[in-house]
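These notes are about the structure you will find just below.
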Amino acid sequence: METFRFAQPDMLYLLLLVPVLIILWIIGNRKRRLARERFGDAPMLEQLSPDYSPARMAVKFIIRLLAFVMAVLTVARPQFGSRLEEVKREGVEVVIALDVSNSMLAADITPSRLERAKQAITQLVDQLKEDRIGLILFAGDAYTQIPVTNDYLSAKMFLSTAGPDAVSKQGTAIGAAIDLGIRSFTPESDKSRALIIITDGENHEDDAVEKAREAAEKGIVVHTIGIGSPDGSPIPVVTGGRTDYLKDSQGNTVISKLDEKGLQEIASVTGGRYVRASNTSIGLTEIYNDIGRMKKSEINAMMYTEYNEQFLIPAALLFILLVTDLLLADRKNNLLRRIGIIGKEPKQDRI
């Protein structure tokens with residue numbers, strides 16, 4: 001089965017302009033209608049400007065909007081994979097376990113602990129070439145967001161949806177994340193494997209250190225990144241469009257504090273590194289440099305090695321739309337009406 005992709009996917013962000021253009025056109029059209037209503041009543045204006053056609057102007061706008069969409073798709077270069085081959089690469093397997101509990105919404109790391117972590121992971125994925133990456137989300141339990149893969153584009157896409165709503169159980173079960181991470185790697189024992197845990201470290205669910213020892217026995221190095229401040233920060237909660245802060249059963253504001261001791265111990269028992277994140281650096285780069293010094297192992301991956309360009313399809317549609325826009329006048333075309341293409345003018349009685 002062939003695979004579909006865009007060679008320049010970043011160009012698709014231009015499609016965000018489509019709703020903006022629609023809103024601007026609606027506002028402009030309303031202003032034109034109000035201006036005509038102030039000028040005189042509708043029957044008189046129709047007699048004064050018989051060639052004016054609001055419907056035709058709307059059709060032209062739709063044509064131009066579709067042309068813009070086709071132009072964006074053309075420059076994004078749609079492609080179909082045509083040749084699937086097994087490719088051998090030298091690299092390591094990296095699984096990132098990202099804490100998406102409510103405490104990660106605290107803003108002692110701007111714009112929030114979670115958003116800053118997602119930004120850093122995206123930057124790391126952009127640097128990957130030969131290594132494979134997987135993503136785990138955890139809170140009160142752990143879930144595989146994307147299995148270990150070479151598909152970096154999909155990894156970034158799934159990462160963008162990560163948040164507290166992606167998990168059904170709140171809490172911070174670091175041990176569950178390590179356990180799932182152990183099971184996420186390729187089973188072969190000779191693979192170089194590293195697990196990176198990004199969390200505020202407030203573990204209340206399980207024995208994470210014991211799970212880290214299990215990982216060490218299987219040759220998996222666990223690195224930890226503590227994100228947040230030891231002094232702590234309140235957890236924002238949005239209710240009814242108003243931002244408040246999470247409170248406990250006694251009505252006191254909950255303060256989420258970074259627990260460095262537990263994260264340091266987890267990293268220590270596996271020979272990994274602990275890094276405290278800051279607003280300037282999350283610490284992923286330092287950890288990935290350590291991972292880069294690990295022994296590279298041969299990784300087999302099925303990949304499409306040839307792609308057929310499909311940009312001519314949206315380009316052809318773009319050309320047709322532009323020609324149609326040129327042929328379609330803003331106003332009623334009297335010449336076309338006379339020769340019978342649109343419709344004949346009503347005959348006038350002679351006096």
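Things worth noting here:
- There is no residue in the range 210-231 that is surrounded by fewer than 16 Cβ atoms within 10 Å (Cβ to Cβ), over 14 Å from A106 (Cβ atoms), within 28 Å of the chain's Cα centre (by Cα) and without any contact (Cβ under 8 Å) to a residue 12 or more places away in the chain.
- Pairs with Cβ under 6 Å, 6+ apart, first in the range 115-143 and in the same structural domain as G175 (by TED's automatic domain parsing), second assigned to a loop (DSSP other than H, G, I, E, B) and among the basic types (K, R): G140/K169; D141/K169
- Within the range 243-270, tally of residues that are assigned to a strand (DSSP E or B) and either charged (D, E, K, R) or touching a residue at least 24 places away in the same chain (Cβ under 8 Å) (or both): 3
- On inspection, I146 fails the criterion of being within 24 Å of the chain's Cα centre (by Cα) and touching a residue at least 40 places away in the same chain (Cβ under 8 Å).
- Residue match in the range 77-98 (condition: surrounded by fewer than 20 Cβ atoms within 10 Å (Cβ to Cβ), on the phi > 0 side of the Ramachandran plot and either at pLDDT 90 or above or charged (D, E, K, R) (or both)): yes
- Filter pass, I235 being within 19 Å of R132 (Cα to Cα) and either among the aliphatic types (A, V, I, L, M) or not assigned by TED's automatic domain parsing to the domain that holds P111 (or both): no
- Residues satisfying the stated conditions in the range 169-185, i.e. assigned to a helix (DSSP H, G or I) and closer than 13 Å to K211 by Cβ: I174, G175, A176, A177, I178, D179, L180, G181, I182, R183
- Taking the listed residues T186, T280, the one that is modelled with pLDDT under 90, closer than 17 Å to E93 by Cα and not small (G, A, S) is T186, with no other qualifying.
The values are calculated or read from the model by the stated rules, or taken from the named source; none is laboratory data. The structure displayed is predicted, hence computed values, not measured ones. Positions of Cβ are generated from backbone atoms using ideal geometry, with glycine treated the same way; all protein chains shown enter the neighbour counts.
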